[in-house]
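The structure under discussion appears below in the form of structure tokens.
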Amino acid sequence: GARSSSLPAESDNTVNGKVKRLIPDRGFGFIEGDDGQEYFFHMTSVLDGRYEELEENRRVTFEPEQSPKGPRAEAVVPALR
């Protein structure tokens, strides 16, 4: 039978980047993707309630989306240290 992996499924469109700017009192920030694009993200887009782990220059992975206001990061996960 198929063996289930304990790792989360990596989707094909996951992008690596780093936190460029955080506005903690407003609950959002910006990520600079390794693709050179800047992405807006909201704290509700950070998985597993790990928004508190984020800091500027912290490596992250995320799924890029186009929103009416421009590129946005969803499913943001802080990279392991």
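The values are calculated or read from the model by the stated rules, or taken from the named source; none is laboratory data. Please read these numbers as outputs of a predicted model, since none were measured by experiment. Ideal geometry is used to build each Cβ from the backbone, glycine not excepted, and the neighbour counts take in all protein chains shown. Please note that ligands, DNA and RNA were not included when accessible areas were found on the heavy atoms of the full protein model with its side chains. Shrake-Rupley method; radii C 1.70, N 1.55, O 1.52, S 1.80 Å.
Search segment 46-66 for residues that are more than 10 Å from Lys18 (Cα to Cα) and pair each with any residue that is open to solvent by 50 Å² or more (accessible area, probe 1.4 Å) and not in a strand (DSSP E or B) when their beta-carbon atoms are under 6 Å apart and the residues are at least 6 apart or on different chains. Listed by first residue and then by second, the contacts come to Tyr51/Met43; Glu63/Asn13.
Restricting Gly36, Gly49, Gly27 to those that are out of contact with any strand residue (DSSP E or B) (no Cβ under 6 Å at 6 or more places or on another chain), open to solvent by less than 40 Å² (accessible area, probe 1.4 Å) and not acidic (Asp, Glu) reduces the list to Gly27. Are there any pairs, at least 6 apart or on different chains, whose C-beta atoms fall under 7 Å, with the first in segment 70-81 and at negative phi and the second in a loop (DSSP other than H, G, I, E, B), and if so, which? Correct list of pairs: Pro71/Gln37; Pro78/Arg50; Pro78/Leu54; Pro78/Arg58. For Phe41, the conditions (1) within 15 Å of Asn16 (Cβ to Cβ); (2) open to solvent by 70 Å² or more (accessible area, probe 1.4 Å) all hold with the exception of (2).
The strands (runs of 3 or more DSSP E) falling completely within segment 14-78 that include 2 or more residues that are basic (Lys, Arg) and over 11 Å from the mean Cα position of the chain (by Cα) map to 15-23. Scanning segment 46-62 for residues that are touching a helix residue (DSSP H, G or I) at 6+ places or on another chain (Cβ under 9 Å) and within 17 Å of Thr14 (Cα to Cα) yields Val46, Phe62.
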